[in-house]
1. Mind listing the phi-derived Karplus ³J(HN,Hα) values for segment 34-41, rounded to whole Hz, using 6.51, -1.76 and 1.60 with θ = phi - 60°, and x for any glycine or proline?
2. For a quick check of understanding: with a 1.4 angstrom probe and all protein chains in place, what accessible area in square angstrom does Met16 have, to the nearest ten?
3. Give the shape of segment 11-71 as rounded, prolate or oblate, defined through the alpha-carbon gyration tensor: a ≥ b ≥ c are the square roots of its eigenvalues, a/c under 1.5 means rounded, and otherwise the shape is prolate if a/b is larger than b/c and oblate if not.
4. Once you put a point 7 Å from the Cα of Ala63 and another 7 Å from the Cα of Arg17, both along the Cβ direction, what distance in nm separates them?
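The values are calculated or read from the model by the stated rules, or taken from the named source; none is laboratory data. Treat the numbers as computed from the prediction; the structure is a model and nothing was measured. All Cβ positions, even for glycine, are placed from backbone atoms using ideal geometry, and neighbour counts span all protein chains on display. The area values use the complete protein model at the heavy-atom level, side chains included, leaving out ligands, DNA and RNA. Shrake-Rupley method; radii C 1.70, N 1.55, O 1.52, S 1.80 Å.
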Amino acid sequence: MAHLNVEDPGLGSRTMRKVSLRIFPIVGLLYVFNYMDRSNISYAQLGMQHELGITTATFGAVAAIFFLAYV
């Protein structure tokens, strides 16, 4: 394992670049899936209200619980 030189001025920027290149694509992909789920649940409401007999308030509570999983 290489010894880290803490006084190296470029160490922070190189570290942030490596972290950004590894984290941002994953976060971007998760954001796309999150957006699709939010869009799909609004379309699902149309069929669920009739098939399951749930009210708008019940659907709002379920959607809020579904949203908390993303937070």
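1. Working through the residues one at a time gives 4, 5, 5, 5, 5, 5, 5, 5 Hz.
2. The accessible area comes out at roughly 120 Å².
3. Numbers: a/c = 7.37, a/b = 3.45, b/c = 2.14.
The shape class here is prolate.
4. 4.4
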